């Protein structure tokens, strides 16, 4: 149906809802990157000496590296000297002691985003939030309640000051400062992020969540998240992100590290909705993220669930190193691209321990003129006897101008392991749409129901309230795709 | 209820229907028969408003209004139902959720109160009995992993829930074994009322043993070339179509 494509276009071309900008006075280090900038970041954050050394070491490594070009992306060269590496709302210079001291404009920003920081405005005790605004964490809720059971949940800046021994022990232990170009850069200049420590045997009593917001112009956001689940503990964590609508591209190069000790379980979910640029591909966030979890102890479990709808370019591969025997890693992903968005995303499952298991479920949805690639690596080391992996990569195409690509790499070095890979590519069927319409549904509802059905396996892994958010987000991202 | 006049329709530039006339009144069952490629499925899809089919001439009056320009979802909400020859699978989309959404769209359109999940389940359970459908199919994704027979039963089940005024059954008998055929036909017959009408598109007389038509039409080369009562179907079974085509 020719008009079907027009309608698809119409449904996917919906405006970005979070594109507003907040009028907050900020304190920004001028654009440019050299050792002095790094020293200044470290000084402003009041960091211990070891951190500055760590940063400078990462920076000197970064200088010797080149931006990777293997991804299936069309990327203009980035001028790293044109970016400002630190921006903080002025009012946050002295970190507010409590929410009453937080700039009302910032509180209002989060409220508009649907993330009220005042605890009484949230559902009682369900989710604790760390709010990161540009380069700094502006508020963390429910800290006291979490402290009662020994869970540490704070900004990473605070952790460096209050728990330096934990930070020194674990920071960079999963993603070393030399890991890759963007991770090295992050190690040198990261400004804030969240820190979680769950003590042995503790089941974290609520969902933890970080909400990232880029507001300032010409600023990169380089956050660092570190989650440690000690023996026999459990934590579920969610990350959300948005940015104002701007014509220039902004860089977001984050690193997330997770460590799961013996019998511990960590669930990490992301709903990524950075500004994707307009329909002509102007503006939008470059989302270059390194996320990796280490199943360090026996029987540990790490699961990544991601719903990626935003960003002009996404480059990320949340991975799990299955070191402990019987450890389990899972990756569930929905990546939706529209207009001229590009995504190259997937996962790496590195099996080192015996009887380790991993599952990969990836659902790509491409609309408009976008390009969506799945890239995955399953590596089974010699000693990882009886390891098992199941991978399923599905691609859904909406319209006839988009592309989907799958790059699965499998490397098995023993004979007792089992690796399965399944992949499908389908077009959203005109027949499916017509079938729904013949039953009385509008075309928009039809597409949204079909896509949500397609993603169901992944969405059902999200905590209830976020599954609803993710579903709405997909529906929004789809608007204008149907023609 | 339905009056089709001089209907011409094309698919991808190729004219399939070439001046078709048909009148269907409330309370009637019409069978459309004819050889492969005569335009039977095209007729069904054009009535439902499928975008792939371009109406190049003529008119389709439904309850007195020409519906050629009407969007397919509005035709559906107005009471036109197409039971598909090949019901599509929609993985992950719950059958119950889908059908309740469809019913509520129709209710909204007609200005009636919407049905909540609990009430819908009561309606659904009742209507499932008509086609002896297994309860578990309600919880499964739309047609996903259904057998051929289950898909056709699901179509008639949807028809029972949506209560159309005009139902078009497109080769509903294809792929059904004799037991399933009997069950599906029983469902269709049970839904028959003085204020609704059914058009049965079929290849075989077999279906008409169960769904007894008031009129039988022979469609050939885009036109209805012969019409008669239910006995015409038997005659066609015996003699084929050639005697009409060569007449």
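Report the extension gain between residue A:181 and residue A:34 in nm, rounded to one decimal, defined as 0.36 nm multiplied by the number of residues separating them, less their alpha carbon distance.
Working it through step by step, the gained length comes to 51.3 nm.
Using a basic spin-label model with each label point 7 Å from the Cα along Cα→Cβ, how many nm lie between residue A:386 and residue B:69? Output for this residue pair reads 7.1 nm. Exposure proxy for B:243, A:54: other Cβ atoms within 10 Å of each Cβ, ordered fewest to most, give B:243, A:54.
Peptides A:353-364, B:8-19, A:151-162, A:418-429 ordered by packing proxy, namely the average of other Cβ atoms within 10 Å per residue, highest first: A:353-364, A:151-162, B:8-19, A:418-429.
Distance between the pseudo-spin-label points of residue A:415 and residue A:161 (7 Å out from Cα toward the beta carbon): 6.0 nm. Note on B:86-98: average number of Cβ atoms from other chains within 10 Å of each residue's Cβ is 6.
Summarising the label geometry, the points placed 7 Å from Cα in the beta-carbon direction at residue A:65 and residue B:96 lie 5.1 nm from one another.
On the basis of the beta-carbon distance and an R0 of 22 Å, residue B:114 and residue B:163 show a calculated FRET efficiency of 0.90. Using 0.36 nm per residue and subtracting the Cα-Cα separation, the extra length available between residue A:148 and residue A:280 on full extension is 42.4 nm.
What do you get for the angle between helix B:117-130 and the principal long axis of chain B? Use alpha-carbon atoms, 0 to 90 degrees, nearest ten. Between the helix axis and the principal axis of chain B, the angle is about 50 degrees.
Shielding value for A:450-461 is 3, the average number of Cβ atoms from other chains within 10 Å of each residue's Cβ. What share of the DSSP beta bridges in the protein assembly as shown is antiparallel, in percent to the nearest 5? Close to 20 percent. Using the Cβ-Cβ distance between residue B:86 and residue A:423 with R0 set to 35 Å, the FRET efficiency works out to roughly 0.90. Just to confirm the number: angle between the C-alpha axis of helix B:95-109 and the first principal axis of chain B, 0 to 90 degrees, nearest 10? Rounded to the nearest ten degrees, it is 70. Once the Cβ-Cβ distance of residue B:3 and residue A:74 is raised to the sixth power relative to R0 = 56 Å, the FRET efficiency obtained is 0.50. The angle between the Cα long axis of helix B:178-190 and the longest principal axis of the Cα atoms of chain B comes to about 80 degrees, rounded to the nearest 10. Out of all DSSP beta bridges with both ends in the stretch B:106-247, state the antiparallel percent to the nearest 5. Approximately 50 percent, going by the DSSP bridge assignments.
Please give the peptides A:229-236, A:61-68, B:145-152 ranked by average Cβ packing (other Cβ atoms within 10 Å per residue), highest first, as a rough proxy for protection. Let's see the in-between values first.
On the way: A:229-236: 21.8, A:61-68: 13.2, B:145-152: 17.1.
Listed from highest to lowest mean packing, they are A:229-236, B:145-152, A:61-68.
Taken together, the values in this text are just the output of simple stated rules run on the coordinates, not laboratory data. Bear in mind the structure is a predicted one, so any value in this text is a computation, not a measurement. Cβ coordinates were reconstructed from backbone atoms using ideal geometry, including for glycine residues, and neighbour counts include every protein chain displayed.
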